[in-house]
Amino acid sequence: MSHGALAILGGAPLLSELELRTWPRLGGDEVVAVVQVLDRGILAGDDAPVTRRLEERFAELVGARHALLTHAGTSALHLALIAAKTGSGDEVVLPAYGYIAGPMCVLALGAIPRFVDVDRETGNLDPSSIDDVVNERTRAIMPMHIHGCPADMDEILETAARHGLVVVEDAAQAHGTTYRGRSVGTLGAMAAFSLHESKALPAGEGGLFVTDDDAMMETALRARSLGRDLRLHEREGKPGLRVPSAPLLSVIPGHMFRGNEMMAALALSQLPRLAARISTVQKMAELLGAELDGLPGLRVQRVPADRTASWYKVRLHFDVEEAGIELPPCLFRDLFVRALEAEGVEAGSWQHVLLPGHPVFADVGGFGQRWRDRSPSDPVALRDAARARFPNANALLESSVVLFSERRPLMAQPADTVRRVAAVVRKVWTHRHALQRLV
Ligand SMILES: Cc1ncc(COP(=O)(O)O)c(C=O)c1O
């Protein structure tokens, strides 16, 4: 393949964006499953049949005792925090880099997110920084398995046990992955997976709450349906039972977080293919890594040898010094992204600010009033303060790019396309010095 001038500098693009396959890839099984739901005429409910079957099969697959379908991964996280007895003024430890859903659930319960720095390579919560923020109000730790690469769970669990804290895994991106031979989703007391259309088990929207703990399951079951007096034993062996023990009596605070039968059918019909999907994307990530091997100052993110990743996102780390670039990393990053996109490969940063840099955490009105370590109210000052306070998270954000997009992820691409994408990256990297002319 010819490596002419960069497309961003007037050369011919190497790839057309249209050559990349889109996700999700649904077929006949999914159509039949949804039509069967419509024919049956049961569309939702605590004991709706497809919902129950999905919950049982997913729990089995993960190796947990219980799973509950929710209408989003976010609501599964919210249920986990309720089951962890998180209340007003409590604190939850979260990584400073990641997705806003977890911190939002904390805020919605009147609790306070306490952010800590992350591992520079994976973006996952750094266990060694937890002790710095734990105090008498800390209730839980919520590690996110960023891009589907499991966090350092044994160290997190050890710290949690030392302080008597509940660990909730944000496994929204980490379907089918393992940590030291154990299944992600069974490592903490509870976990949440997402069924958003971009994920490995897409159902449009949706989520799955997972736990081994009967009491936490019962609390989550109730909280999912407006705190109604639903009990576990009444569900067992009685598929189809949808009547709470004391009809419509709410016994704990809850929300309306149930999913529906159409999303359950979509997820259930794809469940048998999940393991193959994950194994294929792992092979594609390996192929991409091999194709990009040897580029000075650029590499695909490393996954520690004791775990497997779902490669929900593919991060490329770069080092401006090693690459001989004389620009600040964040400036070069933006040029790199623009150059890749001009060649037809989608790329970006996934997150553009650190989590504590979101304006919702500014000390102005609403949630900000409850802030312990008061944050600046000006959004720019807030963003800069977050950068200074969490150097690893900031370095990760500034010195890496995320390849592919949610609409056209690695998971959807065959080997040929992966090789072509790698050729684009190699082309741009070979001409990286020319990008400096664009400043
Ligand atoms: C790490 C992480 N946590 C939580 C969520 C929330 O999941 P949902 O979009 O299904 O609510 C997402 C969604 O992308 C996520 O990536």
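Read the figures in this text as sums done on the coordinates, not as results from a lab. Every value quoted in this text rests on a predicted model; they were computed, and no experiment measured them. Cβ: placed from backbone, ideal geometry, glycine included. Neighbour counts: every protein chain shown.
Ratio of alpha-carbon Rg to the 2.2 N^0.38 Å globular estimate for the range 273-438, to two decimals, please. Display every interim value, and only then the final one.
On the way: Rg = 18.2 Å, N = 166, 2.2 N^0.38 = 15.3 Å.
Ratio of Cα Rg to 2.2 N^0.38 Å: 1.18.
Can you run phi through the Karplus equation (6.51, -1.76, 1.60; θ = phi - 60°) for the range 192-201 and list ³J(HN,Hα) in whole Hz, with x for Gly and Pro?
With coefficients 6.51, -1.76 and 1.60, one gets 10, 10, 10, 10, 4, 4, 7, 8, 5, 10 Hz.
Please name whichever of ALA309, VAL50, GLY176 sits farthest to the positive end of the charge dipole of the chain, dipole taken about the Cα centre and charges placed at Cβ: Lys and Arg +1, Asp and Glu -1.
VAL50
Per DSSP H run of at least 4 residues, take -39500 (n - 2.57); add these up for the chain, divide by its residues and hand me the 222 nm value, nearest 500 deg cm²/dmol. Working shown, then result.
On the way: 13 runs with 156 residues, N = 439.
Taking each H run of at least 4 residues, the total per residue is -11000 deg cm²/dmol.
Report, ordered by chain and residue number, the aspartates and glutamates lying within cross-link reach of LYS199, taken as a straight Cα distance under 12 Å and ignoring same-chain residues fewer than 8 apart.
Hits, sequence-local ones excluded: GLU406.
Any chance you could run the full-extension gain for THR22 through LEU438? It's 0.36 nm times the residue separation minus the Cα-Cα distance, nm to one decimal. Before the final figure, lay out the partial values.
Details: separation 416, 0.36 × 416 = 149.76 nm, distance 3.12 nm.
My answer for the length gained is 146.6 nm.
For the range 205-236 and the range 262-300, what is the centre-to-centre distance using only Cα atoms, to the nearest Å?
That distance is 31 Å.
Indicate the helices, whole DSSP H runs only, in the chain that combine a mean Kyte-Doolittle hydropathy of 1.6 or more with a Cα extent along their long axis of 24 angstrom or more.
Numbers: long enough: 261-291 (42 Å, 0.49).
Span-like helices here: none at all.
Just round it to a whole percent: the fraction of Cα-Cα distances in the range 28-270 exceeding 21 Å.
Working: 15758 of 29403 pairs.
Percent of Cα pairs beyond 21 Å in the range 28-270: 54.
How big is the range 35-132 on each of its three principal axes, counting only the C-alpha atoms and giving the largest first in Å?
Dimensions of the range 35-132 along the principal axes of its Cα atoms: 54, 32, 23 Å.
Among THR211, ILE130, GLY164, flag the residue with its Cα farthest along the positive direction of the charge dipole of the range 87-229, charges on Cβ as +1 for Lys/Arg and -1 for Asp/Glu.
Of the listed residues, the answer is THR211.
Need the list of aspartates and glutamates near LYS427 for cross-linking: C-alpha distance under 13 angstrom, and skip anything on the same chain fewer than eight residues off.
GLU291, GLU341, GLU343
Under the classification rounded if a/c is under 1.5, otherwise prolate if a/b is larger than b/c and oblate if not, where does the chain fall, given a ≥ b ≥ c as square roots of the Cα gyration tensor eigenvalues?
On the way: a/c = 2.18, a/b = 1.38, b/c = 1.58.
In terms of gyration-tensor shape, oblate.
Taking springs between alpha-carbon atoms closer than 10 angstrom, which of VAL62, VAL360, VAL93 fluctuates most in the Gaussian network model of the chain?
VAL360
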